[in-house]
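I have placed the structure first, in the form of C-alpha cells, so that the comments after it can refer back to it.
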Amino acid sequence: MKSVLYIHLFCIFAAIMENEKMKIYIGSDHAGVELKTLVKEHFSDCFDFEDAGTFSTESVDYPDFAHVVAKNVLKDSQSLGILICGTGNGMAITANKHAGIRAALCWAPEIAALAKQHNNANIIVLPARFIEPEAAFATLQSFFDATFEGGRHQRRIDKINI
C-alpha cells in the first residue's frame, strides 16, 4: 500500500513539474508480455507508453522488439525504454548494439538506481522469468527516480561507443 501511494505522489509531482507525461517506449517478447501488461497498468498514470509489441504469448524473436524500442529512444532523447524477455539478456544484448543506447539488465531497485546514476542507462531490461511483479515495479520506480550523476561517470560513458 505504501509503494502505491508513493508511486501516485510521484506521478502527480511529475505531471505538475512537466505538464505532460514522459514517453516510455516498451517492448517484450512472448515471455515478457504478461509482465509488460502489468507494468503498463501499474504506471499508466505516470507515463505515456508506446508499446512496440509483442501482444501475445505466441513465440516471437526478441530482437524484432528490442530494435524498435532502441531506435525510438535514440530518436526521442527525452524518453526512456523498457524491454522485457525471459532472462533479459537477449533484449539487453540487442539494444546495446545501437550506439547511444545504454540498456541495463536490472532485477533489484539498487541495481536500477545505479544503472541510471553511474551509467546513465536509457533503457531498463527486466527478466520476466526471474522477477515478481511487485519487485519489477519497485525496480522500475527506482530507475525512474534516479538521476545521472555525471562527473567521472560521464568520462566513462564517453568511452563506450567504438
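Values in this text are rule-based calculations from the coordinates and carry no lab data. Computed from a predicted model, the values in this text were never measured in an experiment. Glycine also receives a Cβ, built like all others from the backbone with ideal geometry; neighbour counts cover every protein chain displayed.
Here are the numbers:
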{"quantity": "Fraction of alpha-carbon pairs over 20 Å apart in the stretch 18-92 - percent", "calculated": "26 percent"}
{"quantity": "The chain - share of DSSP beta bridges that are antiparallel (%, nearest 5)", "calculated": "0 percent"}
{"quantity": "Calculated log₁₀ intensity ratio I(q)/I(0) where the Debye formula runs over C-alpha points of the stretch 82-128, q = 0.17, 0.19, 0.24, 0.30 Å⁻¹", "calculated": "-0.39, -0.49, -0.77, -1.09"}
{"quantity": "Separation of alpha-carbon centers, the stretch 40-70 and the stretch 92-138, rounded to whole Å", "calculated": "14 Å"}
{"quantity": "Highest average packing first - 154-160, 127-133, Cβ atoms within 10 Å", "calculated": "127-133, 154-160"}
{"quantity": "Relative packing of 29-36, 142-149, 76-83, which averages over residues the other C-beta atoms within 10 Å, highest first", "calculated": "29-36, 76-83, 142-149"}
{"quantity": "Cα gyration tensor shape of the stretch 56-107, rounded if a/c is under 1.5, else prolate or oblate by comparing a/b with b/c", "calculated": "prolate"}
